[in-house]
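Colleague: Here's a structure for you.
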Amino acid sequence: MSDNFDRTVEDILKSLDSLEYVKSTDIPDINLYMDQVTTFMEEHLQANRRYEDDKILTKTMINNYAKNKLLPAPDKKKYSKEHIIVLIFIYYWKGFLSLSDISGLLHPLTAEYFNRQSGMSLKDIYDAAFQFSNEKIDRLKDEIREEASSAHAAFTDAPADKQYDLQLFSLICSLTMDVYYKKKAIEKLIDTRYRDEIPEKLRKADEKIRKDEKIR
């Protein structure tokens, strides 16, 4: 690889090490007020910000999630550890799934396990879902290195002053296609099992958004 491209790839790989998920043991066992919830999320997910002024979670977001039944209502304006777990799921998914898809995934989960007094808990499910997080990052690093090697090899004959941009563009395209294919697989899984769990109101809202996008 060219020196610039090599440094860029290594910087990206190093940045992935900071993206550790929030462990359930880090979540307070006491109920929190809204301001405490947003502060907790800001502190524990700040490494995920793209820009310094990005907000991880706001009061408006939380109220919107509760209004659309993605998040169970707070108890006397306080949010439990399980509320935080649901909000973390929403945070990770909202970047590439619609609100209706998230609702379809969360509704059976919260209906069955939220505030459950015995047996499997929402915390147990959360821990199981993220138990291989570090291994996933290691596998992702290997995949990025492989994709970067291919991107570099594709442009060995390009002018020297153009190689870096072409290599970077090729790597971005390759990674975005991975995201695209995985997103399609996720949507298919949701449609197979969770489509009936999506409230009609949210489904129509998503249909309107898709229609508007086609018009544009």
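The values are calculated or read from the model by the stated rules, or taken from the named source; none is laboratory data. From a predicted model like this one, the values you see are computed outputs, not experimental measurements. Every residue, glycine among them, receives a Cβ derived from its backbone with ideal geometry; neighbour counts consider all protein chains shown. What goes into the accessible areas is simple: the full protein's heavy atoms, side chains included, and nothing from ligands, DNA or RNA. Shrake-Rupley method; radii C 1.70, N 1.55, O 1.52, S 1.80 Å.
Colleague: What number of residues within the stretch 116-163 satisfy the criterion of being under 14 Å from I85 (Cβ atoms) and among the basic types (K, R)?
Modeller: 2
Colleague: List, please: which pairs have Cβ atoms under 6 Å, are six or more places apart or on different chains, and start with a residue in the stretch 48-77 that is of a type in the set (D, E, K, R) and end with one that is open to solvent by less than 50 Å² (accessible area, probe 1.4 Å)?
Modeller: From the stretch 48-77, the pairs are K59/M34.
Colleague: When L99 is evaluated against the numbered criteria (1) open to solvent by 10 Å² or more (accessible area, probe 1.4 Å); (2) out of contact with any helix residue (DSSP H, G or I) (no Cβ under 6 Å at 6 or more places or on another chain), which criterion, by number, is the only one it fails?
Modeller: Here L99 clears every test but (2).
Colleague: Please state which one of Y92, Y164 is of a type in the set (F, W, Y), in a helix (DSSP H, G or I) and over 18 Å from the mean Cα position of the chain (by Cα).
Modeller: Step by step, each of Y92, Y164 is checked, and only Y164 is of a type in the set (F, W, Y), in a helix (DSSP H, G or I) and over 18 Å from the mean Cα position of the chain (by Cα).
Colleague: Within the stretch 21-35, can you find the residues that are under 22 Å from the mean Cα position of the chain (by Cα) and either of a type in the set (F, W, Y) or surrounded by 14 or more Cβ atoms within 10 Å (Cβ to Cβ) (or both)?
Modeller: Result: Y21, V22, S24, I27, M34.
Colleague: Further, regarding this structure: Pairs, please: C-beta under 6 Å, at least 6 apart or cross-chain, first residue more than 13 Å from I62 (Cα to Cα) and in the stretch 29-40, second of a type in the set (K, R) and assigned to a strand (DSSP E or B)?
Modeller: Pairs that qualify, where the first residue is more than 13 Å from I62 (Cα to Cα) and the partner is of a type in the set (K, R) and assigned to a strand (DSSP E or B), are N31/K78.
Colleague: Separate question: Just to be sure I understand, how many residues within the stretch 1-34 are over 19 Å from L71 (Cβ atoms) and part of a helix (DSSP H, G or I)?
Modeller: Of the residues in that region, 16 qualify.
Colleague: Can you pull out every residue in the stretch 130-159 that is open to solvent by 90 Å² or more (accessible area, probe 1.4 Å) and in contact (Cβ under 8 Å) with a residue 60 or more places away in the chain?
Modeller: Residue satisfying the conditions is R145 alone.
Colleague: So, one more: Counting just the residues of the stretch 167-216 that are of a type in the set (G, A, S) and modelled with pLDDT of 90 or more, which one comes out nearest to A151 (Cα to Cα)?
Modeller: Taking the stretch 167-216 and keeping what is of a type in the set (G, A, S), we get 170, 174, 185, 205.
Pick out the ones that are also modelled with pLDDT of 90 or more and you get 170, 174, 185.
On the way: S170: 6, S174: 8, A185: 25 Å.
Restricting to residues being of a type in the set (G, A, S) and modelled with pLDDT of 90 or more, the top hit is S170.
Colleague: If you don't mind, another one. Looking at the stretch 67-89, which of its residues are at pLDDT 90 or above and not in a loop (DSSP other than H, G, I, E, B)?
Modeller: D75, K78, Y79, K81, E82, H83, I84, I85, V86, L87, I88, F89
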